[in-house]
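The values are calculated or read from the model by the stated rules, or taken from the named source; none is laboratory data. Just so we're clear, the structure is a prediction, and the values are computed from it rather than from any experiment. So basically every Cβ, Gly included, is an ideal-geometry build from the backbone, and we count neighbours across all protein chains shown.
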Amino acid sequence: MKNGLYALTLAFGLMFAAAPHARAQTAQGPSFNCAGATDVDAVACKDAKLSADDRRLTALYTATRAAVIGTGPSQQQVWQRKWLKDTHTECAAAAWARHAAYKTQRDCIADAYNTRLGELATAALFADPADAMAVIRETTPADAAIYEAIYQYATIDDARARAAKVAPMIAPIFAGLGADHKTAFTDNGGPANAAEAVASDEAFGTFVNVTDSELEHGVSWPCATFVKRPGLLAALGPLYGSTRDNSLPGSDCDEMTAPDEAAFSDFMMATLQNAPDCGGTIRFAGGREFYRMRIAALLHRPEQWAKFKPSDGGKPESTFRRKRAADIARAQAALAAYYVQILHLDTATAHRDAGKITDILINQAYNLCG
């Protein structure tokens, strides 16, 4: 299946989003050259809607190639390669019929496009808001008002102007809430109306999280949101203190920060997975706080961990630190290098903060239940 076109696009980390010199000869075709296309590519080449979706995907992918903070590329190339591989595998002529949800091969490919378009639209919301919102309105219309509100809230500096713009946008959401949903807002410290929702970063973050949770939306926080308004990072923390914290919106910060930090995040996630299972639903709240702190580390927001007070992780934590000392040192070095090379911190600050946040995350992993 990996013919010349497939191998070429994979090498560049693109699917249906090849470099400009490989674009189709007509504006109506997809963004890649249809000569020698795979069976998956051929469907897109012959279908006007899929070709149009492909061109939109290319534009959004281009808008997300740079990391949202510092200098260097994002990790979208890695995810684009994965999407390329998965789509050619799952939607190939010999494979798509295994999925009961699809009646045709085109259905499989269209679903793959819609999923990836949604991911890229979220990631590109701040870099290309017009195209991103157009895709969101088409692919997930129920989420459009929330994404528009996130963009406006994070980009308008003046508090009065921000409230005047955002409150009317989200008022219909409150108006459409049933009594149970309204109670869910107030019971979890959320705002009671649109005006309260835009009064502070904490209130707005709670509004987005509870709306997504209660109304079963599929919102994901664009990482650029936290670069624009770091106060909204609190929204990545726990809310319910139960299993429901596991269903709160995440972010695309792992995809939209530079790959230089990947060794650090991989080690931190392995640490969390290897920590003892303390049981009880409160561990989901602990896991959510671990996630918030890890994203704060990627964006270098030391104010997020300045007041952290370590807990006693007992023998399991001390054993882990002793046995994995070399791995811990490598993770700290990777994060420090990322801080210096990508975020351009001075060396002393980079090593100090990398060491501190690494210690905090290990401690959190071994104290998920408090």
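Select from segment 267-297 the residues that are among the aliphatic types (A, V, I, L, M) and more than 12 Å from residue 237 (Cβ to Cβ) and write down the one among them that is surrounded by the most Cβ atoms within 10 Å (Cβ to Cβ).
Restricting to residues being among the aliphatic types (A, V, I, L, M) and more than 12 Å from residue 237 (Cβ to Cβ), the top hit is 297.
Pick from 238, 276, 249, 259: which is more than 18 Å from residue 65 (Cβ to Cβ) and touching a strand residue (DSSP E or B) at 6+ places or on another chain (Cβ under 8 Å)?
249
Out of the helices (runs of 4 or more DSSP H) lying entirely within segment 1-97, which hold 3 or more residues that are of a type outside the set (Asp, Glu) and modelled with pLDDT of 90 or more?
Those helices (runs of 4 or more DSSP H) span 39-46, 48-63, 76-90.
Quick check on segment 292-312. Is at least one of its residues hydroxyl-bearing (Ser, Thr, Tyr), part of a helix (DSSP H, G or I) and in the same structural domain as residue 261 (by TED's automatic domain parsing)?
No, segment 292-312 contains no residue that is hydroxyl-bearing (Ser, Thr, Tyr), part of a helix (DSSP H, G or I) and in the same structural domain as residue 261 (by TED's automatic domain parsing).
Any residue in segment 210-239 that's assigned by TED's automatic domain parsing to the domain that holds residue 361 and over 14 Å from residue 149 (Cα atoms): show its pairings with residues that are part of a strand (DSSP E or B) and basic (Lys, Arg) at Cβ separation under 9 Å, as long as the two are six or more apart or on different chains.
Going by the 9 Å Cβ cut-off, there are no qualifying pairs.
Residue by residue, here is whether (1) outside any helix (DSSP H, G or I); (2) without any contact (Cβ under 8 Å) to a residue 12 or more places away in the chain holds:
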| site | (1), (2) |
| --- | --- |
| 319 | no, yes |
| 333 | no, no |
| 340 | no, yes |
| 343 | yes, no |
| 348 | no, yes |
| 351 | no, no |
| 354 | no, no |
| 360 | no, no |
| 368 | yes, no |
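Can you tell me which residues in segment 228-253 are under 17 Å from the mean Cα position of the chain (by Cα) and among the charged types (D, E, K, R)?
228, 229, 245, 252
Go through segment 338-370 and give me each residue that's farther than 21 Å from residue 262 by Cβ, over 23 Å from the mean Cα position of the chain (by Cα) and either at pLDDT below 95 or buried (at least 20 other Cβ atoms within 10 Å of the Cβ) (or both).
363, 366, 367, 369, 370 - these are the residues of segment 338-370 that are farther than 21 Å from residue 262 by Cβ, over 23 Å from the mean Cα position of the chain (by Cα) and either at pLDDT below 95 or buried (at least 20 other Cβ atoms within 10 Å of the Cβ) (or both).
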